[in-house]
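Asker: Before I ask anything, let me first share the structure, which is written out below as structure tokens.
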Amino acid sequence: MRTPITTSDVLVAGAGPTGLLLAGDLAAAGLSVTVLEKRPAGRSSLTRAFAVHARTLEQLDARGLADGLVARGTPLERVELFGTLALDLGRLPSRFPFLLVTPQYEVERLLERRAAEHGVRFRYGSEVTGLRQDPDGVEVTAAEEHGTATHRAAYLVGTDGHHSTVRRALGLPFPGGSVIRSLVLADVRLDREPPELLALRGDGENFALVVPFGDGWYRVGGWNRHRQVPDHAPVDLAEVRDIMRRALGDDFGMRDPRWLSRFHSEERQVPAYRTGRVLLAGDAAHVHSPAGGQGMNTGLQDAANLGWKLTAVLRDGAPGSLLDTYHEERHPVGRMVLRSSGAILRLAMAPGPAGPGARRLAALAVGRIRPVGRRALGNVTGIGVAYRAGRGAHVLTGRRVPDLRLAGPPGAAAGTDAPARLHEALRGGRFVLVTPADGPGQAALKEALAGYGSRVRPVYWAGDRRTTLLVRPDGYVAWASDAPSPSGLRTALHRWAGPPSPPGPGT
């Protein structure tokens, strides 16, 4: 049975964290969004990811979501690798100088609730079976409970994971291969609290780690070089205990397993994140080693980059070529994550006499050579990610903007309802223009914003900073100037936000 065609501005295939953040952003901007998810409605207690890094928390803060998630998780200011390398996250230049340990399903619940509140339509039990593009949009067929459904939208975003049906329907390759096999996982109770959480330790022959769910259950995982069997080989608690004892010296009284699994980890990346009116994000675009906990975070950053660009094209009249910058900016980041997470895993697996030396050398480099340590922290947490600026651009263009302190409008009375920091100003999903409160050229800058009033929020530095910044909705610098430049601002707005809106009646 074929159901009538449904129409939306954007179709999102996949209701994992990446798809949920993207759908919520688009719907909050006033676009119609339908999410197709092959799983039935309802959330599983199983989870793949546990780490929410600082840059992801900053993105959630810009949506008013971070504090609630932090309250439900476990912040770690220090993460240990190999027993010799400690990453001091407390040094991060962020409001969130830690790694938040919380199950993926908590992130999904938060994002699904937000998306639903903004009117996203969810179709669970709906699996994409094919797609067709034309100059005006995308038509998707999906197998659903009562037959085949057809959905049409201006754009389709595939966030449907490692085995993405959308990616396969496009005929795109997914080059790469396995980086490690026969990893075992178990969700268990422990009689003794481990001294270190999320500590990856091993000797080149075994490695293991322990992660808390926060409700008395723990995810334990490990690997043994001499126990390399297919994914379908059974796993029992004795095998997991043995790996934990070898790698960590203790099994912490592991008992009562509610779930056991064996899997392998791959490193792959699609060559193109955009094919016409179809885009890929999250695990549909890139998969990599779980070392460093960067998988879910990288997908969420993909969504934060793509959502406002789709909004600019569909709502504000920006050219479709703006979407090319999604691939240009995010593909290099995905490649970097493949390399950094793979390097961590290969160090943990390095066998023989050379292994301990390599791990000690890495620890010395990160711990004692400041530029190396800063770069490692920045890459893993996302704080250091920057996008390439165009030729002749200001040095700040493309860089992440920290959570700046802001002041109220000049001459405003005490108690004026103005954002006190940048992440609060970004919560409307708009661009933010940060200027000195008393600098010259304010009138000219204000004039340059004509037609962008609903898309740009002007705010003011707290303090005596003189640089003018145009901050993109994802928190990166779109344009910067050390002197007022209305023409430069106008050019940047036209590039990133689309043409100005025509004057309304009476203006």
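Asker: Have a look at the DSSP beta bridges in region 74-214 and tell me what percent are antiparallel, nearest 5.
Answerer: Taking every DSSP beta bridge within region 74-214, about 95 percent pair in antiparallel fashion.
Asker: So what does the Cα-only Debye profile of region 443-507 read at q = 0.21, 0.25, 0.29 Å⁻¹, as log10 I(q)/I(0), no solvent term?
Answerer: At q = 0.21, 0.25, 0.29 Å⁻¹ the computed log10 ratios are -0.91, -1.24, -1.56.
Asker: If I take every Cα pair under 8 Å that is 6 or more residues apart in the chain, average their sequence separation and divide by the length, what percent do I get for the relative contact order? Walk me through the numbers on the way to the answer.
Answerer: Values: 1064 pairs, mean separation 79.9, N = 507.
The normalised contact order for the chain reaches 16 percent.
Asker: Against the 2.2 N^0.38 Å scaling, with N counting residues, where does region 51-114 land? I'd like the Cα-based Rg ratio to two decimal places.
Answerer: 1.16
Asker: Step through the residues of region 481-494 one at a time and calculate ³J(HN,Hα) from phi using the Karplus curve (6.51 cos²θ - 1.76 cosθ + 1.60, θ = phi - 60°), rounding each to whole Hz and writing x for Gly and Pro.
Answerer: 8, 8, 9, x, 9, x, 5, x, 5, 5, 4, 5, 4, 5
Asker: From the backbone phi of region 343-350, what are the Karplus-calculated ³J(HN,Hα) couplings (6.51 cos²θ - 1.76 cosθ + 1.60, θ = phi - 60°) in whole Hz, Gly and Pro given as x?
Answerer: Whole-Hz 3J(HN,Hα) from phi for region 343-350: 5, 4, 5, 5, 5, 5, 8, 4.
Asker: Further, regarding this structure: May I ask for the distance between the Cα centers of region 392-451 and region 273-295, given as a whole number of Å?
Answerer: 32
Asker: Determine ³J(HN,Hα), in whole Hz, for all residues of region 108-118 in sequence, where each value follows from phi through the Karplus function 6.51 cos²θ - 1.76 cosθ + 1.60 and θ = phi - 60°; x replaces Gly and Pro.
Answerer: So the Karplus estimates, Gly and Pro as x, are 5, 4, 4, 6, 5, 4, 4, 4, 5, 4, 8 Hz.
Asker: While we're on this one: Give the percent of DSSP beta bridges with both residues in the chain that are antiparallel, rounded to the nearest 5. Can you show the working numbers first?
Answerer: On the way: 62 of 87 bridges.
Percentage antiparallel, nearest 5: 70.
Asker: Cα convex hull of region 24-180: how many Å³ per residue? Before the final figure, lay out the partial values.
Answerer: Details: hull volume 27.1 nm³, N = 157.
Convex hull volume per residue, Cα atoms: 172 Å³.
Asker: Which whole-number percent is the relative contact order of region 430-481 (Cα, under 8 Å, 6+ apart)? Let's see the in-between values first.
Answerer: Values: 74 pairs, mean separation 25.4, N = 52.
Reported as a whole number, the value is 49 percent.
Asker: If you take every residue apart from Thr7 with its C-beta less than 15 Å away from the C-beta of Thr7, what net charge results, scoring Lys and Arg +1 and Asp and Glu -1? If you can, show how the numbers build up before the last one.
Answerer: Working: positive: Arg121, Arg123, Arg132, Arg152, Arg277; negative: Asp9, Asp134, Asp136, Glu139.
Counting the neighbours of Thr7, the net charge comes to +1.
Asker: Moving to a separate point now. What's the whole-number percent of alpha carbon pairs in the chain lying beyond 34 angstrom?
Answerer: 40
Asker: How do the peptides 89-98, 15-24 rank, highest first, by the average count of neighbouring beta carbon atoms within 10 Å per residue?
Answerer: 15-24, 89-98
Asker: Cβ under 12 Å from Arg78's Cβ, Arg78 left aside: what net charge do those residues give with Lys, Arg +1 and Asp, Glu -1?
Answerer: Its environment carries a net charge of -3.
Asker: Counting only protein heavy atoms and a 1.4 Å probe, tell me what percentage of region 424-507's accessible area is made up of carbon and sulfur.
Answerer: The value for region 424-507 is 55 percent carbon and sulfur by accessible area.
Asker: How large is the accessible surface per residue of region 266-308, computed with a 1.4 Å probe and reported in Å² as a whole number?
Answerer: On a per-residue basis, 18 Å².
Asker: To the nearest 10 degrees, how steeply does helix 370-381 sit against the main Cα axis of the chain, on a 0 to 90 scale?
Answerer: It works out to around 90 degrees.
The values are calculated or read from the model by the stated rules, or taken from the named source; none is laboratory data. From a predicted model like this one, the values you see are computed outputs, not experimental measurements. No Cβ is skipped: glycine too gets one built from the backbone with ideal geometry, and neighbour counts run over all protein chains shown. Ligands, DNA and RNA are excluded from the accessible area calculation, which covers all protein heavy atoms including side chains. Shrake-Rupley method; radii C 1.70, N 1.55, O 1.52, S 1.80 Å.
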